[in-house]
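Take a look at the structure below.
The values are calculated or read from the model by the stated rules, or taken from the named source; none is laboratory data. If you're wondering where the values come from, they're calculated on a predicted model, not measured in any experiment. Cβ sites come from the backbone with ideal geometry, for glycine too, and all protein chains shown count toward neighbours.
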Amino acid sequence: MTATTIAPARRPALSEGLRRKRRQERLRNLAFLSPWLIGVSVFFLYPLVSTVYFSFMKYDGFTAPTWVGLKNWTYVFTDYPFFWPALRNTLWLVIVMVTLRVLFGLGIGLLITKVKTGAGFFRTAFYLPYLAPPVAATMAFAFLLNPGTGPVNNILGSLGLPQPGWFNDPHWSKPALTLLALWGIGDLMVIFMASLLDVPLEQYEAASLDGAGWWQRFKFVTMPNIQPIVLFAVITGVIQTMQYYTQPLVAGKVASGVIGGSGQQFEPGYPEKSTLTLPQLVYHLGFQRFDTGGACVIALVLFGLAMVFTAFLMRRGSGFLATDD
Amino acid sequence: MPRVHRAVLAAAAIALLGTACTGTSTAPAASDDATKDTTITFWHGWSAPSEVAAIDANVKAFEAKFPNIKVKVVGNINDDKIKQALRAGGPNSPDVVSSFTTDNVGTFCASHVFADLKPFLDKSGVDLDKNFPKPLQDYTQFQGTRCTLPLLNDAYGLYYNKDAFKAAGITSPPKTMSEFDAAAKKLTKAKGDSFSQLGFMPNFHGFESTTTHFAAQWNPTYFTAEGKSNLAADPAFANMLKWQSNLVKELGGFAKLEKYRATFGDEFGAKNPFHTGQVAMAIDGEWRLGMAKEAGVKFTMGVAPFPVPDDQADSYGKGYLSGTIIGIANTSQKQNAAWELVKFMTTDTDAVVSFANAIHNVPSTLDALKSPKLTADENFKTFLEIAQHPKSSTTPASPNGGAYQLTLQDFAYAFEAGKQTDLAAGLARTDAQVDKDIAQAK
Amino acid sequence: MSNLLIDRELDVPPATAPGLTAAGRAVRRTRFLNWVAVHAVAVAAALFFVLPFVFVFLTALMSDQQALTRNLWPDSWHWENLRTVWETPGFLTWWKNTLLYAGLGTALTLLSSIPVAYALARFKFRGRNFAMLLVISTMMLPPQVVIVPMYLFWAKQLHLSGTLWPLIIPMAFTDAFSIFLLRQFLLTIPKEYVDAAKVDGCSDFRALVRVILPMAKPAIAAVALFQFFYCWNDYFGPQIYASENPAAWTLSYGLESFKGAHHTNWNLTMAATLLVMAPVIILFFFAQKAFIEGVTLTGVKG
């Protein structure tokens, strides 16, 4: 937080005119920034402070909040049965899903830079799934991967291959979500493609003249050049995983058959808590159980985790804060 | 720290004080005049077109009887939305609300999101005992607060494939668990390392074969009088789990059954495994009758009460019950008009019967159950009897809804999969978890 | 930024003189084999990306009976499925709501975020870096972190739950991601342009509108598209604020309840899925370039 406190004008003896100019500039800054100042106060800082406040309160939305000290915190960390499974799932997703997504995105990015015939078609085909609305995409995958009647298992069955339970099997539900995430690789593909195209051609030529093979060129020319982008992809991937909500929730609902107005209760994280993520817990405690305090504790955990990775991102990619001077 | 930041903190603090002071909402007194022209909003959860048509017809009949009250009907609303909207209040919130989840009655009554119906019942002179079967009266109140009334009812029983029974030489549906286990084994036909027909799918994820549905056959007591979880103390739960895991073992083991289960179609679709003959027996609700007919099943279907433990053979005929409930929003400004609709839908015999006929549910009043207008074939009558059996039961309400059932179910999943083997310790741990969750909800 | 729409030769072959020497032929052969290998992989990958769409499309046009069978190609084509979905009560309302949310949300975001991005890119003032830090933090923040007090604020104090306004109004007070993206782009515009305009007597605001905006068109288009898609795809927001009032549901949220009401009919569910995906895909074909430039803007300039 190094505020570059450069005053808008030079130090010595401020003339009346200069002072007026500074006042005008300050007004102008305020005018330009006012929507954001209001927005960040009302929709970020205020609710953040309020979340901290409610995390020490018992409040069900009806009766007045009462102070309960650390009760919500101990409940979430020691007694709330969904907390640790959600955290474990998040760790799994960070290790497996984020890694695979980065590798796959890089692979597809490389591939698209090499394709010569029909490049436009391939680029569109690879990119399009990224745009599919998450609910629709998840619904489509829940259908494709339906264990009993879905086309994927139909095909696997007729090839004599094993037919996993996918979203219905606690061991397969996260791999199925990973498959869905790989399908929507378009964002990473484009970022990698752009960075690959930015690698100076001369470096490849020089490496080729030195007799470097494909792998060596990749290792000694491509990788060093795109390394910051890989890091960017990893960290934003981790942050996205912290926010992972719609896909696991909709997949669980569709697969369990408990969706919409049905009378059974939805088992959060179906099957067997294997698709629980922290944002779902905020909804579960805050909007299903109306345990405002517990929900705020989860929210703060989520906040802490997101900020740690954001700080990491900003340290490494200081270009984020780059200015023109 | 820049000035901006301080200003922002100040703004935040002011705004915070604002929220901190809200919360207390007093129940509006029911002072509206139900004889004046008014419009009330009614929320329900039905979504299938035929069901929506049935509820609309029901509401039309009400409007014909009470021409001054117009009803705005909103369908496809689930309990999460109800809880949320009733807390928020505001112009979109409903006056009359129905829910499929009896589990939530505890939440609804304890948190006063639904109005206490006692003053209305007294005012209209409705005698509960003359109107509703006892189990239905129980699951619509919580710790003495009656905030809902039953609107139709679901009963669970045993469905069996008569053709498969004949082929296996079984002449009548099993009445005790040991008869049932024998039948399930007899009806099971292997094919490779899987099955061509399975007698019964006992795994807890096998659609309606859930812990609570099974447990009802053992006369369970979920909570002590003090409201503590009672799973370890009541042998019903351990016995049920032992019975289930034994049957799982006898039919080929958990893994093999899970693999077979993965080949099942949707529960509410045409490819339900009972429809397709993949299983010869199933535990299910009365609605399956209509669905099986729609799906065009090719065999003769039989229905009987679900079997009971051998040492409780005299209570044969009981089953798990559940049902739709209806109540009045505490935030409603038109509670007297709302009460007219609730009273009509829950106690008017014709209304209850025609609605039950339309959506193939069990009617929820004593008069309606006896009504000659009720279209009930042999199979449906079995469910009517289960619904009226004195030992039939449902899962009790709790302050945090059905959370305790999910906790029990969770242990049951681990137990059936062999991940946990110590039954007594597991149930004790489950008790502790349920108590902690309830303490947090209180 | 590199021009992405031009293919570049990355795989540089060993430097050889052209001609039909033996070495030259060998090079051509490896080149050809290379071509085959690359395109074989590309076709395989394309299958992975395209087949789900194909299955959704085919299933959407099947009969209800067939949707659960092993037969992947429709026995008979049921185009009326699309119409059935379209005429489902509520579907049109969801469409209108989604358009309102996405359209108004995007417009408000642009109006509020452009001046802020400009100020953060160009003006010098105390705490600018801190402001930028705050922008990035809010950008990275899961929306669930502040949802509980936000919901209480909108529902209990302003009585706006059951509408989409709690989702739209905040966009009149900027969106962090849009500010970030716009600022990254505005930094690349040489400040001499503005200085020149100011010498001509323009105010900062006029300079922004007259000089900067026309130059920032690609970035604005990208931001607009992202914001539009964000709103269009949003599920969590409508679930929190609009779920209690079916008249305010959006497509993403309505699709889930459609599945609830038609859980047995995979053909209709897939038809609905298709109808929810279609506008986004069509929009993409019109605005492909802006999109891809936008995505690269997030990463490459970082």
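For every residue, the table says whether it meets (1) part of a helix (DSSP H, G or I); (2) buried (at least 21 other Cβ atoms within 10 Å of the Cβ); (3) in contact with a strand residue (DSSP E or B) (Cβ under 8 Å, 6 or more places away or on another chain).
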residue: B:364; (1), (2), (3): no, yes, yes
residue: B:368; (1), (2), (3): yes, yes, no
residue: B:383; (1), (2), (3): yes, yes, yes
residue: B:387; (1), (2), (3): yes, yes, yes
residue: B:390; (1), (2), (3): no, no, no
residue: B:401; (1), (2), (3): no, yes, no
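Can you give me the number of residues within the range B:339-381 that are under 26 Å from residue B:39 (Cα atoms) and of a type in the set (D, E, K, R)?
Residues that pass the stated criteria total 4.
Can you name the condition, by its number, that residue A:125 falls short on among (1) within 30 Å of residue B:410 (Cα to Cα); (2) within 24 Å of the chain's Cα centre (by Cα); (3) without any contact (Cβ under 8 Å) to a residue 12 or more places away in the chain?
(1)
Hey, among the residues in the range B:235-277 that are in contact with a Ser or Thr (Cβ under 7 Å, 6 or more places away or on another chain) and either within 14 Å of chain C (Cβ to nearest Cβ) or among the β-branched types (Val, Ile, Thr) (or both), which one's surrounded by the fewest Cβ atoms within 10 Å (Cβ to Cβ)?
B:268
Is it true that residue C:143 is under 22 Å from residue C:206 (Cβ atoms) and either in contact (Cβ under 8 Å) with a residue 40 or more places away in the chain or not aliphatic (A, V, I, L, M) (or both)?
Taking the combined requirement at face value, the residue does not satisfy it.
Among the residues of the range A:121-161, write down those that are of a type in the set (Gly, Ala, Ser) and within 14 Å of chain B (Cβ to nearest Cβ).
A:142, A:148, A:150, A:157, A:158, A:160
Looking only at the range A:167-199, count how many residues are closer than 17 Å to residue A:88 by Cβ and within 21 Å of the chain's Cα centre (by Cα).
5
Tell me, yes or no, whether the range C:117-133 has at least one residue that is under 24 Å from residue A:241 (Cβ atoms), facing another protein chain (nearest Cβ under 7 Å) and either buried (at least 17 other Cβ atoms within 10 Å of the Cβ) or in contact with a strand residue (DSSP E or B) (Cβ under 8 Å, 6 or more places away or on another chain) (or both).
yes
Is there any pair with a first residue in the range A:50-61 that is more than 10 Å from chain C (Cβ to nearest Cβ) and a second that is among the hydrophobic types (A, V, I, L, M, F, W, C) whose Cβ atoms are under 6 Å apart and which are 6 or more apart or on different chains, and what are they?
A:58/A:68; A:60/A:290
Look at residue B:395 and say whether it is among the β-branched types (Val, Ile, Thr), closer than 30 Å to residue B:300 by Cβ and either within 13 Å of chain A (Cβ to nearest Cβ) or part of a loop (DSSP other than H, G, I, E, B) (or both).
Taking the combined requirement at face value, the residue does not satisfy it.
Which of the residues spanning the range C:74-118 are of a type in the set (D, E, K, R) and over 26 Å from residue C:63 (Cα atoms)?
Residue satisfying the conditions is C:96 alone.
Out of all the residues in the range A:108-120, is one or more more than 9 Å from chain C (Cβ to nearest Cβ), within 30 Å of residue A:289 (Cα to Cα) and buried (at least 19 other Cβ atoms within 10 Å of the Cβ)?
No, that holds for no residue.
Could you figure out which of (1) touching a residue at least 24 places away in the same chain (Cβ under 8 Å); (2) not assigned by TED's automatic domain parsing to the domain that holds residue B:276 isn't true of residue B:174?
Residue B:174 satisfies every listed condition except (2).
Out of all the residues in the range B:170-183, which are crowded, with 16+ Cβ neighbours inside 10 Å and more than 12 Å from residue B:246 (Cα to Cα)?
Those that are crowded, with 16+ Cβ neighbours inside 10 Å and more than 12 Å from residue B:246 (Cα to Cα): B:170, B:173, B:174, B:175, B:176, B:179, B:180, B:183.
Can you tell which of B:242, B:185, B:249 is in contact with an Asp or Glu (Cβ under 9 Å, 6 or more places away or on another chain) and in a helix (DSSP H, G or I)?
Exactly one of B:242, B:185, B:249 is in contact with an Asp or Glu (Cβ under 9 Å, 6 or more places away or on another chain) and in a helix (DSSP H, G or I), namely B:185.
Here is a list of conditions, (1) within 19 Å of residue B:109 (Cα to Cα); (2) at pLDDT 90 or above, and residue B:333 meets all of them except one; can you say which number that is?
(2) is the only condition that residue B:333 fails.
Any residue at all in the range B:120-140 that is closer than 28 Å to residue B:385 by Cα, within 14 Å of chain A (Cβ to nearest Cβ), under 14 Å from the mean Cα position of the chain (by Cα) and not hydroxyl-bearing (Ser, Thr, Tyr)?
No: the range B:120-140 contains no residue that is closer than 28 Å to residue B:385 by Cα, within 14 Å of chain A (Cβ to nearest Cβ), under 14 Å from the mean Cα position of the chain (by Cα) and not hydroxyl-bearing (Ser, Thr, Tyr).
Select, from C:134, C:182, the only residue that is within 19 Å of residue A:235 (Cα to Cα) and part of a helix (DSSP H, G or I).
C:134
Would you please name the residue that is surrounded by the most Cβ atoms within 10 Å (Cβ to Cβ), looking only at residues in the range A:193-233 that are not small (Gly, Ala, Ser) and not in a helix (DSSP H, G or I)?
A:199
Could you list, in sequence order, the residues of the range C:56-83 that are surrounded by fewer than 17 Cβ atoms within 10 Å (Cβ to Cβ) and touching a residue at least 40 places away in the same chain (Cβ under 8 Å)?
Scanning the range C:56-83 gives C:57, C:63, C:64.
Given the criteria buried (at least 17 other Cβ atoms within 10 Å of the Cβ), in a helix (DSSP H, G or I) and not assigned by TED's automatic domain parsing to the domain that holds residue B:133, does residue B:313 qualify?
Taking the combined requirement at face value, the residue does not satisfy it.
For the range C:217-275, name all the residues that are under 24 Å from residue A:283 (Cβ atoms), of a type in the set (D, E, K, R) and more than 8 Å from chain A (Cβ to nearest Cβ).
The answer is C:234, C:244.
Right, residue B:151: under 17 Å from the mean Cα position of the chain (by Cα) and among the hydrophobic types (A, V, I, L, M, F, W, C) or not?
So residue B:151 passes the test.
Restricting to the range B:407-434, what's the tally of residues that are surrounded by fewer than 21 Cβ atoms within 10 Å (Cβ to Cβ) and among the aliphatic types (A, V, I, L, M)?
Total satisfying the criteria: 7.
If a residue must be of a type outside the set (S, T, N, Q), touching a strand residue (DSSP E or B) at 6+ places or on another chain (Cβ under 6 Å) and within 13 Å of chain A (Cβ to nearest Cβ), how many such residues does the range B:184-231 contain?
Looking only at that region, the number is 3.
Determine if the range C:48-70 includes at least one residue that is under 30 Å from residue A:133 (Cβ atoms), at pLDDT below 90 and touching a Leu at 6+ places or on another chain (Cβ under 7 Å).
no
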